[in-house]
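A short write-up of the structure that comes next.
Every number here is computed from the coordinates shown, using simple stated rules; none is lab data. These numbers come from a predicted model, not from an experiment. Using ideal geometry, Cβ is built from the backbone for each residue, glycine included, and neighbour counts are taken over all protein chains shown.
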Amino acid sequence: MGLTRLRGFQDLIGPDARAVGIVEHCARTVAERYSISEIRIPLLERLELYQRSTGDTSDVVEKQMYAFADRDEAQTTLALRPEGTPGVVRAYIDAGLDRSDPEQRFYYYGPMFRRERPQKGRFRQFNQFGVEIFGRADAACDAELMIMVDEFRRELGLDVEFEINSLGDANCRSAFRQALLEWGRAHLDQMCEDCHQRLERNPLRLLDCKNDVKLAQTAPRSSDYLCDPCRKHFGTVEELLTKASVPYVVNPRLVRGLDYYTRTTFEAISKAVGAQSAVVAGGRYDGLVEALGGAAVAGTGFAIGVERIALALETSRFKIDGAPDVAIIAMGDRATVCAMDLAKALRAIALRVEMLSPERGLKALLRRADKLGARYALIMGENELTRGVVQVRDLKASTQREIASNAVAAEIAAGSTN
Ligand code: HAM
């Protein structure tokens, strides 16, 4: 058998890796503007962490985990993380922050693993850029997170629409759950195998079913069961989003596939990535810190599907271009030494510079510079060296000019080479 990559895993090469890097960079820049600090946590945790947070009855834990017994401690089952939220909550509690300094703002970036059926925009290893805020129970915090996602997508030139909903809290959730249970029992004969299981274990998960979307349209809506404080919280979120001109619709059946959500949930939907259209998703999880053994601290957050955003970038006005600004062609050993100096000066003014191999002929190297998409080729040979000049070829305008070596950087920076 050939050593090919595994199904659902990707090698990102050249522009594909660059697109993912652009998404990460943009997300970090925006998060820093919101005074959020980075947290780095392990890829491997106890399976139990996900069973108790993401949820035993969620598709993610039930069907998609990469889990295995630890080598020397076979009683411990480990799992590759399928999402970042549980690990961040665990780290927050482990560090004692839930009691010593509960208000915290974290972001993280890295790979997640889910053994899903691969398709466009759905992989078994993918990257998330996530944000988790602790100690803020107010609606303004939920709205601010969506405003932040909106800022991020605008910077990348992407169109998205937000779908939002409220799932209620510990007070009003049970009435919604009961309504779903009754609805489920009444329609049991029309439901798939999986839903028969979901009905008794966790009726909320009935709304995750992709088999009969029409039937799900007849299900009870969480918004009809909200208690007054939850209704008020949701009203404030809506008001703040409207004020901030964030485009949203209320989707009363958006329950999200993970068990920890309370009150606000949201997804940002892009039309540019096909069926896997949720490019960002998140919500509030006020009971989770306590459920994992910490203090009663509120939590809210989201995660960006980095590869999905990268796919959407292909259709946006954003340019994913890894071409160098300058390709340097040095003919001979002495010229190579000087060319290195020139490259350093150009890189110091933030230009992207590639030194071409000194082992090929001028014609082949000019073709190479062209293929790379470089804007300029700088040619230095013995003759140029003696006279203290460089041949500067503008590959876009197809013009060439001789410029004094010590003036090249300034002239290229000013775009005044013609
Ligand atoms: P999630 O909806 O499971 O939420 O994932 C968030 C985003 O990750 C999705 O909207 C999607 O863009 C991306 N994603 C999920 N699965 C895949 C996949 N198989 N391939 C490619 N991209 C994928 C969470 O993970 C929560 N932890 C979000 C959160 C943070 N809620 C509160 N805080």
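Beta carbons within 10 angstrom, averaged per residue: use that to sort the peptides 156-163, 141-148, 307-314, highest first.
On the way: 156-163: 18.1, 141-148: 22.0, 307-314: 23.6.
Top of the packing list down: 307-314, 141-148, 156-163.
Sequence gap at least 6, Cα distance under 8 Å: using those rules, report the relative contact order of region 1-113 to the nearest whole percent. Each step should come with its number before you reach the end.
Numbers: 92 pairs, mean separation 33.7, N = 113.
For region 1-113, the relative contact order is 30 percent.
Which of E32, E132, E359 moves the most in a Gaussian network model of the chain with Cα springs under 10 Å?
The residue that fluctuates most here is E359.
Where does each of Y260, Y34 land when they are ranked from fewest to most other beta-carbon atoms within 10 angstrom? It would help to have the intermediate numbers written out before the result.
Values: Y260 23, Y34 15.
Going from least to most buried by this count: Y34, Y260.
Using only the Cα atoms of region 1-133, each taken as one equal point scatterer with no solvent, compute I(q) by the Debye sum, divide by I(0), and report log10 of the ratio at q = 0.09, 0.14, 0.17, 0.21 Å⁻¹.
At q = 0.09, 0.14, 0.17, 0.21 Å⁻¹ the computed log10 ratios are -0.32, -0.77, -1.06, -1.33.
At a Förster radius of 45 Å, what calculated FRET efficiency corresponds to the Cβ-Cβ distance of E314 and R201, to the nearest 0.05?
Values: r = 40 Å, r/R0 = 0.89.
Approximately 0.70, to the nearest 0.05.
Mind pulling the angle between the C-alpha long axis of helix 15-33 and the longest principal axis of the chain? Nearest 10 degrees, somewhere in 0 to 90.
The angle comes out at about 70 degrees.
Can you sort T315, T300, T218 by how many other beta carbons sit within 10 Å, fewest first?
Numbers: T315 14, T300 26, T218 11.
Ascending Cβ contact count within 10 Å gives the list T218, T315, T300.
Decide, for region 226-281, between rounded, prolate and oblate: order the square roots of the alpha carbon gyration tensor eigenvalues as a ≥ b ≥ c, take rounded if a/c falls under 1.5, and otherwise choose prolate if a/b is larger than b/c, else oblate.
Working: a/c = 2.86, a/b = 1.37, b/c = 2.10.
The shape class here is oblate.
Calculate the dipole size of the chain relative to its Cα centre from +1 charges on Lys and Arg beta carbons and -1 charges on Asp and Glu beta carbons; express the result in debye to the nearest 20. The partial results should precede the final answer.
Working: 57 positive and 59 negative charges, 254 e Å.
Around 1220 debye, computed over the chain.
Using helices alone, what [θ] at 222 nm do you get for the chain, with -39,500 (n - 2.57) per DSSP H run of 4 or more residues, divided over all residues and rounded to the nearest 500?
Details: 16 runs with 154 residues, N = 418.
-10500 deg cm²/dmol, from helical runs alone.
Along the charge dipole of region 175-270, Cβ charges K/R +1 and D/E -1, which of P220, A179, P252 sits furthest on the positive end?
P252
Would you count, across the chain, every pair of lysines whose alpha carbons are under 21 angstrom apart, provided the pair is eight or more residues apart or spans two chains?
13
How far, in nm, would the chain grow between E411 and T218 when pulled straight, counting 0.36 nm per residue and subtracting the alpha carbon separation?
Numbers: separation 193, 0.36 × 193 = 69.48 nm, distance 6.73 nm.
The E411-T218 span can extend by a further 62.8 nm.
According to the square roots a ≥ b ≥ c of the eigenvalues of the Cα gyration tensor, what is the shape class of region 69-123, taking rounded for a/c under 1.5, prolate for a/b larger than b/c otherwise, and oblate for the remainder?
Since a/c reaches 1.5 but b/c is at least a/b, the shape of region 69-123 is classed as oblate.
Based on alpha-carbon centroids, what's the gap between region 23-87 and region 247-265 in Å, whole number please?
Answer, in whole Å: 21.
For the Cα atoms of the chain, what angle does the longest principal axis make with the long axis of helix 228-243, in degrees from 0 to 90, nearest 10?
Once rounded, one gets 20 degrees.
Let me know the whole percent of all Cα-Cα pairs from region 159-308 that are separated by more than 29 Å. Write down the numbers at each step before the final one.
Working: 2067 of 11175 pairs.
Of all Cα-Cα distances in region 159-308, 18 percent exceed 29 Å.
Only counting other Cβ atoms within 10 Å, I'd like I13, I379, I93, I304 sorted with the fewest neighbours first.
Working: I13 8, I379 23, I93 19, I304 26.
So the residues, fewest neighbours to most, are I13, I93, I379, I304.
What angle do you read, to the nearest 10 degrees and between 0 and 90, between the alpha-carbon axis of helix 362-372 and the longest principal axis of the chain?
20
Which value, in Å³ per residue, describes the convex hull spanned by the Cα atoms of region 60-192?
Values: hull volume 28.7 nm³, N = 133.
Convex hull of Cα atoms, per residue: 216 Å³.
Starting from the eigenvalues of the Cα gyration tensor, five times each then square-rooted, give me the equivalent ellipsoid semi-axes of region 135-191, largest first, whole Å. Let's see the in-between values first.
On the way: eigenvalues 235, 72, 6 Å².
Semi-axis lengths for region 135-191 are 34, 19, 5 Å.
When you take every Cα atom in region 226-329, what is the radius of gyration, and what is Dmax, the widest Cα pair distance, in Å?
Values for region 226-329 (Cα only, Rg and Dmax): 18.9, 71 Å.
Across the chain, how large is the tail of the calculated P(r) beyond 34 Å, expressed as a percent of all Cα pairs?
Numbers: 38514 of 87153 pairs.
It works out to 44 percent of all Cα pairs.
On each of the three principal axes of the Cα atoms of region 345-418, give max minus min coordinate, whole Å, ordered largest first.
Its Cα atoms span 28, 28, 23 Å along the three principal axes.
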